[in-house]
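Asker: Could you have a look at this structure, given as structure tokens, before my questions?
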Amino acid sequence: MNVGVNDADARPGQVADLMQSGVEDGVFPGGVLLVARAARVLFHAAFGVTNRFAPRPVTRTTFFDLASLTKPLATTLAVLKLVQDGRLSLETSLAEVLHPFREGAKTLITVRQLLAHTSGYPAYRPYFESLAAHPPAARQRLLRQMLVKEPLAASPGDTVRYSDLGFMVLNWVVETVGGSALDRFLAAEIYPCLGVTDLFFVRHFENCRRGVFAATEDCPWRHAVLEGRVHDDNAYVVGGVEGHAGLFGTAEAVYRLLLELWRSLRGCGGSGFFEARQVARFLIRAPSGERTLGFDTPAPQNASCGQFFPFQTVGHLGFTGTSFWMDLDAGVIVVLLTNRVHPTRQNTAIKAFRPRLHDLVMQKILQNVWN
């Protein structure tokens, strides 16, 4: 099996060697790494295979299940657009938008708190276990009833608790205020306006003919190796579109979207689609270290992005083995897409691999050496 660089024009060197070792050592079956400094792509190459059981080389056009990258790259951007258009405010409460929240402890939860993971919602619940027994057409409605009834783990605003559930609620907000489902909203009002065509959701009843997908888990309850179907259980059971997971795409598409945000923030080109002031409200951290809105930031210790990204950095991880990090000052963008959960989610070797890779990349950039 060829596990080396799959793109002929990719640059050789230590970074490629490390990615190749990731395949050979079983960190992931396949992956794509894209490294850029603003508009200059320094490295973009593919490694390994899409599926261990039917080996096909990963290429730079392979689609990956982006998992929780859905949160910043889909749901958060939809909220940003609604705020920018004046259709929504960061201080809008759930009671103002969604009728079922007009009573109870969740009434005053704001859009800002949902984005910042301070709503008080718990991190995760295996809703799919009960929803799978119901007809597909009823599952979204039933999921939302569960979200309304779900007890909070903390009072709104009191503590940061990373939450899939909060972004499921945001999906509901976008659908209600934007007038269409999240995937339709993005496909109509955001992605095509930015020239980004390779970020999308896959609805279960649609025949997606986009191209080659990297396989994810040999799923024990779905009894199949997932390929072109969302890995996340809760997103899958409601049809493939949710606020916390469901987005698919290529490394280049992720980079193009991030580059647009960076250019908007810095006022250096771009389409002008996003307003700098609005982008700054979502991406820039206060000196106190408060979370950004919808995006993650490097952990104080043992950060997955290594030790060289500065304070003003945003990014996110995806459970399937995906990630991106962007230095907001210098415009350094690193997109790593892998299918580390293929064939099993028990493979956690990527936790140690990610910081090694990012440290090597950043050392080369900081030293102005790339080979």
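Asker: Within the stretch 269-328, take every residue that is among the acidic types (Asp, Glu) and crowded, with 18+ Cβ neighbours inside 10 Å and give me the one that is nearest to the chain's Cα centre (by Cα).
Answerer: 296
Asker: For the stretch 41-55: of the residues being at pLDDT 95 or above and not hydrophobic (A, V, I, L, M, F, W, C), which is surrounded by the most Cβ atoms within 10 Å (Cβ to Cβ)?
Answerer: 48
Asker: Would it be correct to say that residue 159 is touching an Asp or Glu at 6+ places or on another chain (Cβ under 8 Å) and outside the structural domain of residue 282 (by TED's automatic domain parsing)?
Answerer: Taking the combined requirement at face value, the residue does not satisfy it.
Asker: Check residue 187 against each of (1) part of a helix (DSSP H, G or I); (2) buried (at least 21 other Cβ atoms within 10 Å of the Cβ); (3) of a type in the set (Gly, Ala, Ser) and name the one condition it does not meet.
Answerer: Failed condition: (2).
Asker: Is at least one residue of the stretch 116-136 free of Cβ contacts under 8 Å to residues at least 12 places away in the same chain and within 30 Å of residue 255 (Cα to Cα)?
Answerer: Within the stretch 116-136, not a single residue is free of Cβ contacts under 8 Å to residues at least 12 places away in the same chain and within 30 Å of residue 255 (Cα to Cα).
Asker: In the stretch 241-262, is there at least one residue being outside any loop (DSSP other than H, G, I, E, B) and more than 19 Å from the chain's Cα centre (by Cα)?
Answerer: Looking through the stretch 241-262, none of the residues is outside any loop (DSSP other than H, G, I, E, B) and more than 19 Å from the chain's Cα centre (by Cα).
Asker: Of these, 335, 341, which one is surrounded by 19 or more Cβ atoms within 10 Å (Cβ to Cβ) and in contact with a helix residue (DSSP H, G or I) (Cβ under 7 Å, 6 or more places away or on another chain)?
Answerer: 335
Asker: Just for the stretch 211-225: of the residues that are in contact (Cβ under 8 Å) with a residue 60 or more places away in the chain and part of a strand (DSSP E or B), which one is nearest to residue 200 (Cα to Cα)?
Answerer: 213
Asker: Hey, can you tell me all the residues within the stretch 321-361 that are in a helix (DSSP H, G or I) and more than 13 Å from residue 33 (Cβ to Cβ)?
Answerer: Listed by number, the residues that qualify are 351, 352, 355, 359.
Asker: I've got another one for you. Pull up the stretch 190-202, narrow it to residues that are assigned to a helix (DSSP H, G or I) and within 18 Å of the chain's Cα centre (by Cα), then point me to the one that is nearest to residue 230 (Cα to Cα).
Answerer: As a first pass, look at the stretch 190-202 and keep what is assigned to a helix (DSSP H, G or I): 191-194.
Still in the running and within 18 Å of the chain's Cα centre (by Cα): 191, 194.
On the way: 191: 20, 194: 24 Å.
Looking at residues that are assigned to a helix (DSSP H, G or I) and within 18 Å of the chain's Cα centre (by Cα), I get 191.
Asker: Let me ask you something else. Return a yes/no flag: does the stretch 81-94 have any residue that is among the β-branched types (Val, Ile, Thr), in contact with a strand residue (DSSP E or B) (Cβ under 8 Å, 6 or more places away or on another chain) and assigned by TED's automatic domain parsing to the domain that holds residue 292. Please lay out each step first, then the result.
Answerer: The first filter runs over the stretch 81-94 and keeps only residues among the β-branched types (Val, Ile, Thr), leaving 83, 92.
Narrowing further to those that are in contact with a strand residue (DSSP E or B) (Cβ under 8 Å, 6 or more places away or on another chain): 92.
From the residues that got through so far, the ones that are assigned by TED's automatic domain parsing to the domain that holds residue 292 too are none.
So far as the stretch 81-94 goes, no, none of its residues is among the β-branched types (Val, Ile, Thr), in contact with a strand residue (DSSP E or B) (Cβ under 8 Å, 6 or more places away or on another chain) and assigned by TED's automatic domain parsing to the domain that holds residue 292.
Asker: Right, next: Which numbered condition in (1) among the aromatic types (Phe, Trp, Tyr); (2) crowded, with 24+ Cβ neighbours inside 10 Å; (3) farther than 19 Å from residue 305 by Cα is the only one that residue 28 fails?
Answerer: Condition (3) is where residue 28 drops out.
Asker: Checking residue 260 against (1) surrounded by fewer than 21 Cβ atoms within 10 Å (Cβ to Cβ); (2) out of contact with any strand residue (DSSP E or B) (no Cβ under 6 Å at 6 or more places or on another chain); (3) of a type in the set (Asp, Glu), only one condition comes out false. Which one?
Answerer: Going through the list (1) surrounded by fewer than 21 Cβ atoms within 10 Å (Cβ to Cβ); (2) out of contact with any strand residue (DSSP E or B) (no Cβ under 6 Å at 6 or more places or on another chain); (3) of a type in the set (Asp, Glu), residue 260 breaks only (1).
Asker: Are there any helices (runs of 4 or more DSSP H) wholly within the stretch 76-175 with 1 or more residues that are more than 26 Å from residue 276 (Cα to Cα) and in contact with a Gly (Cβ under 8 Å, 6 or more places away or on another chain), and if so which? Walk me through it before giving the result.
Answerer: Details: elements: 77-84, 94-97, 111-115, 128-131, 136-149.
Correct list: 136-149.
Asker: Surrounded by fewer than 23 Cβ atoms within 10 Å (Cβ to Cβ), at pLDDT 95 or above and under 29 Å from residue 265 (Cβ atoms), is that true of residue 21?
Answerer: For residue 21, the condition - surrounded by fewer than 23 Cβ atoms within 10 Å (Cβ to Cβ), at pLDDT 95 or above and under 29 Å from residue 265 (Cβ atoms) - is not met.
Asker: Return the residues of the stretch 285-299 that are under 17 Å from residue 318 (Cβ atoms), of a type outside the set (S, T, N, Q) and in a loop (DSSP other than H, G, I, E, B); say none if nothing qualifies.
Answerer: Matches in the stretch 285-299: 294, 295, 298, 299.
Asker: Please list, ordered by first then second residue, the pairs with beta carbon atoms under 7 Å, 6 or more apart or interchain, first in the stretch 238-256 and in contact (Cβ under 8 Å) with a residue 40 or more places away in the chain, second part of a helix (DSSP H, G or I) and of a type in the set (Lys, Arg).
Answerer: 238/139; 244/71
Asker: Could you please let me know if residue 41 is β-branched (Val, Ile, Thr), under 24 Å from the mean Cα position of the chain (by Cα) and part of a strand (DSSP E or B)? Step through it out loud before you land on a result.
Answerer: Working: β-branched (Val, Ile, Thr): yes; under 24 Å from the mean Cα position of the chain (by Cα): yes; part of a strand (DSSP E or B): yes.
For residue 41, the condition - β-branched (Val, Ile, Thr), under 24 Å from the mean Cα position of the chain (by Cα) and part of a strand (DSSP E or B) - is met.
The values are calculated or read from the model by the stated rules, or taken from the named source; none is laboratory data. The structure presented is a predicted model; accordingly, all values stated were derived computationally and were not measured. Note that we place each Cβ from the backbone using ideal geometry, even for glycine, and neighbour counts take in every protein chain shown.
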